[in-house]
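Take a look at the structure below.
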Amino acid sequence: MRRVRTWLPGLLLVAPSIVAIGVFVYGMLGWNFRLAMTDKHDEVSEGRFVGLENFIGLWDQPRWHLSVNHAIMFTVVFVLGALVLGWLLAFLMEKGIRGEATFRAVYLFPMAISFVATGIVWRWLMNSGMEERAVGLNRLFDAIGLPQWQWFRDPDWGMAAMAIPAIWQMSGYVMALFLAGFRGVPEELREAARVDGCTEWGVYRHVVLPLLRPVTLSALIILGHISLKVFDLIVAVSGKQIITDVPAVFMWVAVFDSHDPAKGATIASYIVLSVAIFVVPYLIWSVRKERRS
């Protein structure tokens, strides 16, 4: 009874959250995977079990290959861009510039904006109109003599351009993570490295950056799973166009435009699995780290 009194109040406190997560997260995931393994390709049929047929058949569709390639390009540009820009901003903040609090707040402001609002603004900024029809950034480029660009309508680099609004919105958050990491490095370690003859760059390379690996990994996981399931930003900027198609947009079209629940559930399953590739190794690493400590 003494042991029960110890853990029962805590269990009762978190029980509603456990039940809600079990039903509305893992229960819905299970239902989605079950639907993906049926031939329910319309809204009226019952659907019979077909195993992995939908998962295999999806790779025979050119649009799926296109959406996957777009997602990969968006993820690479977005993750690398946000990490590099966030690290650079944190480095400048860490050096103690004047008005640090103001700059920090300005860089974090975009996080308070939804991806939909960001997409609407950047849709105007990245308008592909040229010459006399140019607006937004193309108008600015024309005024200063730089070449204009088709932005997200470019068939080769359109998804790289689509990552720019996401980098603008999330780089401030990455900056906050890295800045906390910089401030968490003891000054004694830096001074010891300087006494041993390290240059300032050597201090960062051999002392500071290795200690920031957990922060970098956390930022990589967060940005990676955001990019793989991106939907609202893409739709707000370009709509449901093939030229900027990604798996989440393809899933929406399959379910609500083509009325194919099984295909939509299959695409959603692939998105979940791709996110799990980022999240699960991080969870395993975190658990092992806690056990070692």
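The values are calculated or read from the model by the stated rules, or taken from the named source; none is laboratory data. This structure is a prediction, so every number in the text was calculated from the model and none was measured. FYI the Cβ positions are ideal-geometry reconstructions off the backbone, even for glycines, and counts take in every protein chain you see. What goes into the accessible areas is simple: the full protein's heavy atoms, side chains included, and nothing from ligands, DNA or RNA. Shrake-Rupley method; radii C 1.70, N 1.55, O 1.52, S 1.80 Å.
Restricting to the range 118-145, and then to whatever is outside any helix (DSSP H, G or I) and within 27 Å of the chain's Cα centre (by Cα), can you tell me which residue is modelled with the lowest pLDDT? Lay out the reasoning, then the answer.
Quick first cut of the range 118-145, residues outside any helix (DSSP H, G or I) only: 126-130, 134-135, 145.
Those still in the list that are within 27 Å of the chain's Cα centre (by Cα) too: 126-128.
Details: Met126: 92, Asn127: 88, Ser128: 85.
Among residues in the range 118-145 that are outside any helix (DSSP H, G or I) and within 27 Å of the chain's Cα centre (by Cα), the one modelled with the lowest pLDDT is Ser128.
Please specify each residue of the range 32-47 satisfying the condition of being open to solvent by 50 Å² or more (accessible area, probe 1.4 Å), more than 20 Å from Val272 (Cβ to Cβ) and in contact (Cβ under 8 Å) with a residue 12 or more places away in the chain.
His41, Asp42, Glu43, listed by residue number.
It is to be established whether one or more residues within the range 224-243 are in contact (Cβ under 8 Å) with a residue 12 or more places away in the chain, touching a Leu at 6+ places or on another chain (Cβ under 8 Å) and either within 16 Å of Leu85 (Cβ to Cβ) or surrounded by 15 or more Cβ atoms within 10 Å (Cβ to Cβ) (or both). Walk me through how you get there before you give the answer.
Within the range 224-243, the subset in contact (Cβ under 8 Å) with a residue 12 or more places away in the chain is 224-238, 240, 242-243.
Applying the additional criterion that residues be touching a Leu at 6+ places or on another chain (Cβ under 8 Å) yields 242.
From what's left, either within 16 Å of Leu85 (Cβ to Cβ) or surrounded by 15 or more Cβ atoms within 10 Å (Cβ to Cβ) (or both): none.
For the range 224-243, residues in contact (Cβ under 8 Å) with a residue 12 or more places away in the chain, touching a Leu at 6+ places or on another chain (Cβ under 8 Å) and either within 16 Å of Leu85 (Cβ to Cβ) or surrounded by 15 or more Cβ atoms within 10 Å (Cβ to Cβ) (or both): absent.
Conditions tested, residue by residue: (1) open to solvent by less than 80 Å² (accessible area, probe 1.4 Å); (2) closer than 30 Å to Asp260 by Cα.
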{"residue": "Phe49", "(1), (2)": "no, yes"}
{"residue": "Gly57", "(1), (2)": "yes, yes"}
{"residue": "Pro62", "(1), (2)": "no, yes"}
{"residue": "Val68", "(1), (2)": "yes, yes"}
{"residue": "Phe74", "(1), (2)": "yes, yes"}
{"residue": "Ala82", "(1), (2)": "yes, no"}
{"residue": "Glu94", "(1), (2)": "yes, no"}
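If you check Leu89 against the conditions, is it touching a residue at least 40 places away in the same chain (Cβ under 8 Å), among the hydrophobic types (A, V, I, L, M, F, W, C), closer than 20 Å to Ala248 by Cβ and assigned to a helix (DSSP H, G or I)?
Details: touching a residue at least 40 places away in the same chain (Cβ under 8 Å): yes; among the hydrophobic types (A, V, I, L, M, F, W, C): yes; closer than 20 Å to Ala248 by Cβ: no; assigned to a helix (DSSP H, G or I): yes.
Taking the combined requirement at face value, the residue does not satisfy it.
For the range 10-28: of the residues being surrounded by 10 or more Cβ atoms within 10 Å (Cβ to Cβ) and not aliphatic (A, V, I, L, M), which is nearest to Val272 (Cα to Cα)?
First pass over the range 10-28, keeping only residues surrounded by 10 or more Cβ atoms within 10 Å (Cβ to Cβ): 11, 14-15, 18-28.
With the extra rule that they be not aliphatic (A, V, I, L, M), the set shrinks to 22, 24, 26-27.
Values: Gly22: 16, Phe24: 15, Tyr26: 11, Gly27: 14 Å.
My answer is Tyr26.
Somewhere in the range 146-155, is a residue among the aromatic types (Phe, Trp, Tyr), in a helix (DSSP H, G or I) and either closer than 27 Å to Leu228 by Cα or open to solvent by 40 Å² or more (accessible area, probe 1.4 Å) (or both)? Steps first, answer last, please.
The first filter runs over the range 146-155 and keeps only residues among the aromatic types (Phe, Trp, Tyr), leaving 149, 151-152.
Filter once more, so that each one left must be in a helix (DSSP H, G or I): 151-152.
From what's left, either closer than 27 Å to Leu228 by Cα or open to solvent by 40 Å² or more (accessible area, probe 1.4 Å) (or both): 151-152.
Yes, some residue in the range 146-155 is among the aromatic types (Phe, Trp, Tyr), in a helix (DSSP H, G or I) and either closer than 27 Å to Leu228 by Cα or open to solvent by 40 Å² or more (accessible area, probe 1.4 Å) (or both).
Here is a list: Ser269, Ser258. Which entry is within 30 Å of Ser45 (Cβ to Cβ) and open to solvent by less than 30 Å² (accessible area, probe 1.4 Å)? Reasoning before the result, please.
Working: Ser258 fails: open to solvent by less than 30 Å² (accessible area, probe 1.4 Å).
So the residue among Ser269, Ser258 that is within 30 Å of Ser45 (Cβ to Cβ) and open to solvent by less than 30 Å² (accessible area, probe 1.4 Å) is Ser269.
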